[in-house]
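Since every read-out is calculated from the coordinates, none of them should be taken as a lab result. None of these values were measured; they are calculated from a predicted model. For neighbour counting, all protein chains shown are included, and Cβ atoms are generated from backbone atoms with ideal geometry for every residue, glycine included.
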Amino acid sequence: MKFTVITHVIHLKRDNQYFGYAPYIREMNIWLKNVDEAIIVAPLVKGDPTAIDIEYGNHDIDFWKVPNFNFLDIGNSFKSLFKLPVIFWKIFLAMKKSDHIHLRCPGNMGLLGCIMQIFFPSKKKTVKYAGNWDPKSKQPLTYRMQKWILNNTFLTRNMQVLVYGEWENQSKNIKSFFTATYSDNEKEAVKKDNNSIEKTFIFVGTLVRGKNPMYAVKLVEQLIKNDNKVLLHIFGEGIERASLENYIKKNQLEEFVFLHGNQNKDILKQFYKKSHFVILPSKSEGWPKAIAEGMFWGCIPIATKVSCLPYMLDYGERGVLIDMDLKNDVSKIEVFFDEEKFSKTSKLAIDWSQNYTEEIFESEITKLLVK
């Protein structure tokens with residue numbers, strides 16, 4: 001099978017190996033186990049891989065470089081207009097050569113892929129929609145366009161669209177799905193120090209306003225003011241780092257809040273295992289891996305009511321759904337400082353998350369490709 005992937009993920013090349021964002025590459029390595037040859041159409045930039053980049057496995061990859069583009073401002077929009085014909089042509093040729101078309105959405109490349117796949121109605125197709133599929137959510141026009149095309153069975157044929165969560169009034173294209181980080185052999189009895197007076201929180205994500213890392217800091221700060229002994233470990237990089245550093249210093253939180261930058265999977269795993277809570281006060285999500293990963297290791301999830309998060313947290317039965325009201329959210333969290341309440345909810349989180357392992361994920365992907 002010749003498998004064509006259209007993705008906006010930025011790639012790097014070193015020693016004839018292609019690197020990209022680790023969670024994406026790990027998932028794609030599972031998809032590529034089931035194919036003979038892969039054509040990957042994506043942006044390629046110069047630079048060295050970082051701590052959160054890994055390489056594709058030993059797969060036969062034909063990489064088709066396209067220029068990176070966006071429409072964030074007038075200057076970039078003008079430049080992008082000249083790039084689009086070349087990108088469309090490469091996407092067309094790659095799809096023409098393929099037996100199975102796979103789109104990664106939402107994103108600029110995903111939008112172009114959604115448009116071009118219309119001209120290949122008989123080819124098998126899958127889409128991994130990694131964003132918020134909630135039909136009622138407010139989203140950019142380009143995201144809404146992708147969702148409309150993918151949900152339209154006249155324009156989009158012979159396709160399965162993998163989305164997070166279960167939503168009403170969707171077309172036959174739409175299939176509820178999930179993602180996974182850990183394997184069956186990583187399952188182990190999780191021992192949390194529930195008797196510890198000091199509770200540890202962990203935030204994992206890009207440090208941008210959309211992920212709201214500042215709100216995580218303010219929650220912990222208020223818990224401290226309420227005479228609770230708590231710590232917060234923040235993992236990730238982004239434009240909000242300087243603001244976080246300034247806030248931590250200004251409010252004398254250096255002994256309670258720690259910025260670790262980007263770290264690899266193994267380091268994160270060790271912090272999840274010793275943390276009590278995983279927090280993600282995000283404005284929008286797809287399947288938030290940090291929440292699922294934390295739950296796998298017994299962390300009680302603290303998250304906003306966006307996308308499939310209410311479903312993941314069983315509408316508050318196995319975690320804390322926050323309202324972005326500081327006083328109210330702190331009160332909700334403090335309930336779980338009770339040892340019995342914590343232990344019960346932690347077990348519910350583990351039991352749910354450990355259903356979604358790499359083995360089950362791979363099995364479901366194999367079914368999609370062999371149909």
Whole-angstrom Cα spans of segment 159-207 along principal axes, big to small:
50, 30, 22
Packing-ranked peptide list from 293-302, 217-226, highest mean Cβ count within 10 angstrom first, is 293-302, 217-226
If you fit an axis through the alpha-carbon atoms of helix 141-151 and take the longest principal axis of the Cα set of the chain, what angle between them do you get, 0 to 90°, nearest 10?
70
Between F92 and K332, how many nm apart are label points set 7 Å from Cα along the C-beta direction?
5.0
For helix 339-353, report the angle its Cα long axis makes with the longest principal axis of the Cα atoms of the chain; keep it between 0 and 90° and round to the nearest 10°.
10
The chain: relative contact order in percent, alpha carbon pairs under 8 Å with at least 6 residues between
14
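With runs of 4+ DSSP H residues as the only contributors, calculate the mean residue ellipticity of the chain at 222 nm using -39,500 (n - 2.57) per run, divided by the residue total and rounded to the nearest 500. List each step's numbers first, then the result.
Numbers: 12 runs with 137 residues, N = 371.
After summing the helix terms and dividing by residue count, I get -11500 deg cm²/dmol.
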Over 20 Å (Cα to Cα) among K229/K283; K83/K123; K225/K250; K269/K347; K13/K96; K199/K225 -> K229/K283; K83/K123; K13/K96
Nitroxide proxy distance, nm - points 7 Å out along Cα→Cβ at K273 and Q160:
3.4
For Y182, enumerate residues with amide H under 5 Å from its amide H, sequence gap 5+ or separate chain, H modeled in the peptide plane.
E358
Once the Cα atoms of helix 22-32 and of the chain are each reduced to a long axis, what angle between those two axes, in degrees from 0 to 90 to the nearest 10, is obtained?
40
If you average 1/r over all unlike Cα pairs in segment 44-150 and invert the result, what Kirkwood radius do you get in angstrom?
15.7
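What's the Cα-based Rg to Rh of the chain, Rh via Kirkwood? Don't skip to the answer; put the middle values down first.
Details: Rg = 21.3 Å, Rh = 21.8 Å.
Here Rg/Rh amounts to 0.98.
To the nearest 0.05, how large is the calculated FRET efficiency for D323 and F63 if R₀ is 41 Å and r is the Cβ-Cβ distance? Don't skip to the answer; put the middle values down first.
On the way: r = 45 Å, r/R0 = 1.10.
That gives a FRET efficiency of 0.35.
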Quick one: which of 274-285, 320-331 comes out on top by average Cβ neighbours within 10 Å, and what's the full order, highest first?
274-285, 320-331
Along principal axes, Cα extents of segment 184-353, largest first, whole Å
40, 31, 28
Under a point-charge model restricted to the Cβ atoms of Lys and Arg (+1) and Asp and Glu (-1), what is the dipole moment magnitude of segment 53-160 relative to its Cα centre, in debye to the nearest 20?
420
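Which order, highest average first, do 176-188, 126-138 follow once you tally other Cβ atoms within 10 Å for each residue and take the mean per peptide?
Working: 176-188: 15.5, 126-138: 19.8.
Top to bottom by mean Cβ count within 10 Å: 126-138, 176-188.
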